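Single-structure report; data block below.
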Amino acid sequence: MATLLVKNALVVTMDEQRRELADGGLYAVDGILRNVGPTTSLPATADTVMDLKGHIVLPGLINGHHHLDQTLTRALPAAQNNNLFRWLKAHYELWAARTPEASRTATLVGCAELALSGCTTVFDHAYVFRNGCAVDDQIAAAKEIGIRFAVSRGSMSLGQSKGGLPPDSCVEDEDDILKDCERVIGRYHDAGPGSMTQIVLAPCSPFSVTPELLRQSAALGRRHGIRLHTHLCETVDEERYTLGRYGMRPVEYMRSVDWAGDDVWYAHAIHVNDAEIQEFARAGIGACHCPCSNMRLASGIAPVMKYRRAGVKVGIGVDGSASNDGNHMLGEVRQAMLLARLQIGLRPPEGPDTALSTSDPSRDAEWMTARQALELATLGGASLLGRDDIGALAVGKQCDFFALDLNSLGYAGALADPVAATLFCAPQSARHTVVAGRPVVRDGQIVTIDLDRTVAEHNRHAARLAAMA
């Protein structure tokens, strides 16, 4: 049995008591936490000992929505100043032109960047499968780098000729989609505790798949106990699309095709009304907040604090690297906190005379705190994925954590509240990131792959796609 001891750190547990241990640590056996508490309560020795005096240790962050292949098309000139629909049209055929080798390096680059920002679990929403690409490529790459991975066998089946947004050349036959969903579930999905690989079914969006594919995907997922995911309520254009095509707002439309349950979570979920928020809470539907992407594409601000007050499951995702252009999970959590605060100061449509001042004490509950934001990225992310074995540092849970050096330049002067400083100060890189008791980042460096070689190969693939743009 491999044992790991972490000692002398400030430990943020996110356990049921939300303990913060000033001189604490953890002890793990074969990647499972056996003791989390004061350093004096832990065993004295282990196979691996990490003395993290001067560091803060937090549960590994959980990225609830991503498109790793989009690291190949970051900062594409034709898509820098567009909203979602125009942005997608600039990218679809480039994504369809990637190769399995390109997908592998994109997954490695994205996961490496995420691990360096404290992320230990990644959900990827893959939905363009052309040119020989398959979910298998990404799963193999995630195992190579050592990240905990949930991945969708996503899909697009509604091309432009049938009223969808994507080109016909980028969509698949629905029978082929469902057959491959069955294949990857049978081959890769591990529902057990400590699972490193899980499959999700994720038709891309209401404007790229048919109602029948949504219904069949939901039925297939529920037969196998597989979670369901899609983009929803991201833009006003999407709302206009479902109203015009189906005569329903997006949430009502998804309910009509059996996508309302506690096995469902939506990415973005920005343009919802109060009744729909309550429906999310009643049905157990989750929402993944992607603040950087929503700002970049001018999509809007998700009502995250309203969701929290209603009891809706909420997590955080970096979204695709072509709509965020970065994979810094800790930075995304900071943006979630700041964007929720910006929302407090926005004037309502009725005008300034009806707006409450941001200094009004009755609005104090609207201010997202640093600890609330960190909770969204840990426990919240775990809730979206339906997992109770990650998201906190507690006995019986997986040994997934990251450590930040509090003596670094970025935290100088932030000794009054180091926990809050992780978000109030500029986002820092992880000194260590550990997944299932095994290091992925050690002393600020990726240790599981040759990162320089991977980046060089990735850039060759990206250059080929850029030349096609």
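You can think of it this way: the chain between D417 and M1 has 146.1 nm of extra reach, that is 0.36 nm per residue less the Cα-Cα gap. Take the Cα of R223, step 7 Å toward its Cβ, do the same at D136, and the gap between the two points is 2.2 nm. Among the lysines, select those whose C-alpha is under 21 Å from the C-alpha of K143, and discard any that sit fewer than 8 residues away in the same chain. Result set, ordered by chain and number: K397.
For the chain, the relative contact order is 21 percent, taking Cα pairs closer than 8 Å that sit 6 or more residues apart in sequence and dividing their mean separation by the residue count. R0 = 30 Å: FRET efficiency of Y246 with I301, Cβ-based, nearest 0.05? E(calc), rounded to 0.05, equals 0.70. Neighbours of V36, meaning other residues whose beta-carbon lies under 9 angstrom from its beta-carbon, give a summed charge of +2 when Lys and Arg score +1 and Asp and Glu score -1.
Shown here are the Rg and Dmax of the Cα trace of the stretch 54-167, at 15.5, 60 Å.
A simple count of charges around A96, restricted to other residues whose Cβ falls under 12 Å of its Cβ and scoring Lys, Arg +1 and Asp, Glu -1, yields -2.
Tilt of helix 211-224 relative to the longest C-alpha principal axis of the chain, in degrees (0 to 90, nearest 10)? It is inclined by approximately 40 degrees.
Seen against the Cα atoms of the chain and their longest principal axis, helix 274-283 is set at about 70 degrees. In the chain, the longest principal axis of the Cα atoms and the axis of helix 451-468 are about 20 degrees apart. Among C181, C288, C119, C170, sorting on how many other beta-carbon atoms sit within 10 Å of each Cβ, with the fewest leading, yields C170, C181, C288, C119.
Candidate values (1) 31, 27, 21; (2) 42, 33, 21; (3) 34, 27, 21 were compared with semi-axes √(5λ) of the Cα gyration tensor in Å computed on the shown model; the agreeing label is (3).
Below 15 angstrom from the Cβ of M368, what's the summed charge of the other residues (Lys, Arg +1; Asp, Glu -1)?
On the way: positive: K306, R308, R309, R334, R341, R363, R371; negative: E332, D364, E366, E375.
For residues surrounding M368, the net value is +3.
Among beta bridges identified by DSSP and lying wholly in the chain, the antiparallel ones come to about 45 percent.
Every read-out reported here was derived from the displayed coordinates using simple, explicitly stated rules and does not represent laboratory data. This structure is a prediction, so every number in the text was calculated from the model and none was measured. Using ideal geometry, Cβ is built from the backbone for each residue, glycine included, and neighbour counts are taken over all protein chains shown.
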